[in-house]
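One structure is given below, encoded as structure tokens.
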Amino acid sequence: MPAILDLFNQKTVLDYVQNRQYPQLLGDTLFPSVKIDQLDFEYLRGGSKTPIIASVSAFDTEAEIGSREASVQAAELGYIKRKMQLKEKDLIALRNPRTPAEQNYLTSLVYNDLDVLVQGVYARVEKMRMEALATGTISIDENNMNFGVTYNVPAEHQVTAATSWDADGADPIKDLQDWFALLDYAPTRILTSSKVQTALIRSKAFADYFKTAGLLPSVGSLNAVLQSFGLPTIVTYDAKYRKQGANGIYTVERYFPEDTLVAFGDDQLGQTVYGPTPEESRLIATPGVQQGTVGNVFTTVYETTQDPIATWEKAAATALPSFPEAENVLQAKVLIPKP
């Protein structure tokens with residue numbers, strides 16, 4: 001009769017998660033992951049992309065002394081964790097399986113729990129990435145924690161359409177041209193929601209463009225018109241997550257706001273910075289355990305010996321996006337609720 005912590009010892013659980021391929025989220029490509037060995041980190045905030053012109057100097061004179069426009073921003077990684085309890089009836093069944101098939105089935109249920117927990121951590125990280133990209137800030141107000149991270153997107157790069165893009169009289173092409181003129185470079189990518197994309201396809205402004213060009217209203221036609229004006233094509237992101245309230249009821253929410261459009265260039269926007277969790281730090285302090293044993297998310301199965309005795313599965317990470325390209329991003333609210 002194997003003990004639960006023998007079936008799911010720390011190495012087995014960590015190896016499982018390390019070798020598991022989880023679905024990739026959009027933020028994984030826009031903010032690639034990097035792991036550091038501390039909770040505090042600093043990163044360079046990029047300045048304007050417009051070149052700073054050098055002065056003409058006479059021969060045999062000292063060169064003009066320049067200054068770095070980029071600045072260092074410090075931040076502390078956020079601690080994300082979630083756990084689930086293994087029910088006593090499942091523990092009894094795991095200790096006394098009637099057949100090998102039953103043991104495999106029950107074991108798979110535990111690993112499925114770990115998958116759910118790990119993906120829950122990754123979902124929280126994705127929410128932070130998309131919040132930073134869409135608003136320039138991250139707001140944390142949960143589990144008795146209330147703080148924010150500001151990435152200093154210039155105020156002139158945070159705009160609102162004068163006329164909602166789903167209303168008569170809207171001129172999205174003009175809006176984009178005027179907004180892009182505020183930037184120091186021409187954006188090459190636009191990220192928004194399917195709702196915004198559909199509003200554009202159905203708008204009178206684009207209906208006129210489609211008619212003139214002999215195009216049927218479609219995503220392809222929309223992007224063709226945008227390209228004809230020298231504007232980037234649109235990519236949509238509508239992925240969602242579920243959030244469990246204190247009452248146990250789940251609500252479905254979006255990572256990326258449905259009313260927003262973000263434009264940016266080809267450069268990497270930033271990184272998803274992961275660090276050590278308290279659980280990982282304790283594990284690494286164990287003789288024989290090497291740095292790098294743990295991936296971005298720490299997972300464990302453990303028992304509490306206090307009353308009531310319980311067995312838990314847990315996933316934890318410390319993470320925060322860096323966003324050095326924040327000054328070179330345009331964030332626009334383009335769908336405005338009717339009063």
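All of the numbers you see were taken from the coordinates with simple rules; none came from a lab. All figures in this text were calculated on a predicted structure; none of them were measured in a lab. All Cβ positions, glycine included, derive from the backbone under ideal geometry; neighbour counts span all protein chains shown.
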15 Å reach of a label modelled at V116, 7 Å along Cα-to-Cβ, counting backbone N of the stretch 6-37: none
³J(HN,Hα) computed for each position of the stretch 91-98 - Karplus, 6.51 cos²θ - 1.76 cosθ + 1.60, integer Hz, glycine/proline x: 5, 5, 5, 5, 6, 10, x, 6
Full-extension gain in nm, L216 to D184, via 0.36 nm per residue minus C-alpha separation: 8.1 nm
Residues Y250 and K83, FRET efficiency given R0 of 25 Å [Cβ-Cβ distance, rounded to 0.05]: 0.90
In order through the stretch 119-125: 3J(HN,Hα) via Karplus (6.51 cos²θ - 1.76 cosθ + 1.60), integer Hz, x for Gly, Pro: 5, x, 5, 4, 5, 5, 5
Alpha-carbon radius of gyration plus Dmax, which is the widest Cα pair, for the stretch 103-236 in Å: 20.7, 66
Quotient of C-alpha Rg and 2.2 N^0.38 Å, computed over the stretch 77-117: 1.44
Local electrostatic count at V159 - Lys and Arg +1, Asp and Glu -1, tallied over other residues with Cβ under 9 Å: -2
Where labels lie 7 Å past Cα in the beta-carbon direction, separation of K174 and N19 in nm: 6.2 nm
Ordering of 233-242, 265-274 by packing [mean C-beta count within 10 Å, highest first]: 265-274, 233-242
Hz values of 3J(HN,Hα) by residue in the stretch 326-339 - Karplus curve (6.51, -1.76, 1.60), Gly and Pro given as x: 4, 6, 10, 10, 9, 10, 10, 8, 10, 10, 10, x, 6, x
Residue order, fewest to most beta carbons within 10 Å, for W165, W312, W179: W312, W179, W165
The stretch 206-339: equivalent-ellipsoid semi-axes (sqrt of 5 x gyration tensor eigenvalues, Cα, Å): 47, 22, 13
Footprinting exposure proxy for M128, M84 (fewest neighbouring C-beta atoms within 10 Å first): M84, M128
R0 of 51 Å, Cβ-Cβ distance A155-N9: FRET efficiency to nearest 0.05: 0.45
Inter-part distance where the stretch 83-159 and the stretch 190-213 are each reduced to a Cα centre, Å: 36 Å
Principal axis dimensions, largest first and in whole angstrom, of the stretch 174-277 by Cα: 56, 34, 20
Order of K204, K127 under a 10 Å beta carbon neighbour criterion, fewest first: K204, K127
